[in-house]
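These notes are about the structure you will find just below.
The values are calculated or read from the model by the stated rules, or taken from the named source; none is laboratory data. Computed from a predicted structure; not experimentally measured. Don't worry about glycine lacking a Cβ; one is built from the backbone with ideal geometry, like all the others, and counts go over all protein chains shown. What goes into the accessible areas is simple: the full protein's heavy atoms, side chains included, and nothing from ligands, DNA or RNA. Shrake-Rupley method; radii C 1.70, N 1.55, O 1.52, S 1.80 Å.
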Amino acid sequence: MKTLRMMALAGLFAAPLSMAEVVVIAHPDGPDNLSESDVRALYLNRSDAATPFEIAEGSTIRREFHDWITGRSNSQLKSFWAEQTFTGEGEPPTEVGDSARMVDEVAATPNSIGYADPADVDDSVDVILSN
């Protein structure tokens with residue numbers, strides 16, 4: 001019984017440590033050769049080298065992407081974009097509904113990037129980074 005309890009506790013602590021795989025995707029005509037810091041700059045309004053797309057709030061893929069790339073929580077991102085919008089510095093990336101829709105939008109928009117679940121990625125986009 002004690003062993004079963006210990007295994008259950010171990011499972012509870014290990015679950016939050018598991019991370020869904022996320023890939024950064026780009027339109028086939030570019031951009032390409034972007035580093036993690038380049039992608040971070042695009043998603044934090046520090047670069048206009050490409051058009052970023054964002055998955056709607058509440059998505060696991062969105063959370064995992066921002067944990068990996070920007071290091072910001074959803075509430076921190078909301079605050080950041082509220083300030084950017086209020087000061088006229090910029091607008092948040094256009095949101096899409098889910099990972100599959102992200103692939104469609106990036107494939108249809110030249111010079112754009114996004115992120116997706118690798119299971120949703122096809123040859124209509126290029127994978128430029130993976131975690």
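Residues in the stretch 98-127 that are acidic (D, E) and under 19 Å from G30 (Cα atoms): D104, E105, D122, D123, D126. Only residues that are touching a Ser or Thr at 6+ places or on another chain (Cβ under 9 Å) and either more than 26 Å from G30 (Cβ to Cβ) or of a type in the set (D, E, K, R) (or both) were counted in the stretch 41-61, giving 1.
Filtered by the rule that a residue be farther than 16 Å from A41 by Cβ and charged (D, E, K, R), the stretch 59-90 gives R62, R63, E64, D67, K78, E83. Of the residues that sit in the stretch 37-94 and are small (G, A, S) and touching a Pro at 6+ places or on another chain (Cβ under 8 Å), which one is least open to solvent (accessible area, probe 1.4 Å)? Only one residue tops the list, namely A50. Of all the numbered requirements in (1) modelled with pLDDT under 95; (2) farther than 25 Å from V121 by Cα, Q76 misses one, and that requirement is (1).
For the stretch 54-69, a tally of residues being of a type outside the set (K, R) and under 9 Å from the mean Cα position of the chain (by Cα) returns 9.
Of the residues E83, E95, the single one that is more than 12 Å from V24 (Cβ to Cβ), among the acidic types (D, E) and in contact with an Asp or Glu (Cβ under 7 Å, 6 or more places away or on another chain) is E95. Consider the stretch 14-36 and keep the residues that are open to solvent by 70 Å² or more (accessible area, probe 1.4 Å) and in contact with a helix residue (DSSP H, G or I) (Cβ under 9 Å, 6 or more places away or on another chain). The one that is modelled with the highest pLDDT is E36. Scanning the stretch 37-63 for residues that are closer than 19 Å to V103 by Cα, among the basic types (K, R) and part of a loop (DSSP other than H, G, I, E, B) returns no hits.
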